[in-house]
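Here the structure comes first, spelled out in structure tokens, and everything after it is commentary.
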Amino acid sequence: MQTTRIICAGFGGQGIMTLGKVLATLGMKNGKSVSWMPSYGAEVRGGTAHSMVIISDSDIPSPVIDKADICIVMNKPSLDKFESRVKKGGTIILNSSLIESSVKRKDINAVKVPATEIASSLGNIKVANIVALGALVSKTKIVSKNKAISLLKEFFAEKKALLELNKKAFNEGIRI
């Protein structure tokens, strides 16, 4: 049985909750059991935020993640807080646009993605989370690229301009 535990973390306003929802929905669409647990800081926009997502072939007894298989960190405070919570051999995806330091641990895989820089070049820094999603899909193969694009089409069905922007952001994350 396969279970993947993912922590997404950053500042409020970086799309951390949306990223968690997208991952949980991808799991559901693939017939998996999922849990999604958001956690907001004292301030929503600008404060800290993280979400925990578990995708499993079996029942999930608790939504709390002690050790993550994958961690996406969008800022330095999130790296400081969550690096120790990635299991040995796990993967941490860093938004290198906002995190200049490196991962201290040698027993995890670090993937640097200039997510904010890429999003800015696309015209909207709010899609940095989708750039990170593309990198996650590329690095871990948690779901296929086509299934992720299909889900983005569902999420943004009412907003065609946002769909195209998010597809570009996702594909840039895959490419990087």
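What follows draws every value from the coordinates through simple rules; no lab data is involved. Given the structure is predicted, the values throughout are model-derived calculations rather than measurements. Methodologically, a virtual Cβ is constructed for each residue, glycine included, from the backbone with ideal geometry; neighbour enumeration extends over all protein chains shown.
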Self-check item: Fewest-first ranking of E172, E164, using other Cβ atoms within 10 Å as the exposure measure
Solution: E164, E172
Practice problem: Could you pull out the trypsin sites (Lys or Arg not before Pro) across the stretch 141-176 that fall in loop regions by DSSP (anything but H, G, I, E, B) with no more than 10 other Cβ atoms inside 10 Å? | Solution: K141
Self-check item: Rounded to the nearest 20 debye, dipole of the stretch 75-156 from Cβ charges on Lys, Arg, Asp, Glu
Solution: 360 debye
Quiz item: If R0 is 30 Å, what FRET efficiency do you get for D107 and S62 from their C-beta distance, rounded to 0.05?
Solution: 0.75
Quiz prompt | Summed side-chain charge close to G90 - residues other than G90 whose Cβ falls under 11 Å, Lys, Arg +1, Asp, Glu -1 | solution = +3
Practice problem: Please compute the net charge surrounding A110, taking Lys and Arg as +1 and Asp and Glu as -1 over other residues with Cβ under 15 Å from its Cβ. | Solution: +4
Quiz item: Mind ordering 76-83, 130-137, 109-116 by average Cβ neighbours within 10 Å, highest first?
Solution: 130-137, 109-116, 76-83
Exercise. Please label the shape of the chain as rounded, prolate or oblate, based on the square roots a ≥ b ≥ c of the eigenvalues of the alpha-carbon gyration tensor (a/c under 1.5 means rounded; beyond that, a/b larger than b/c means prolate, else oblate).
Key: rounded
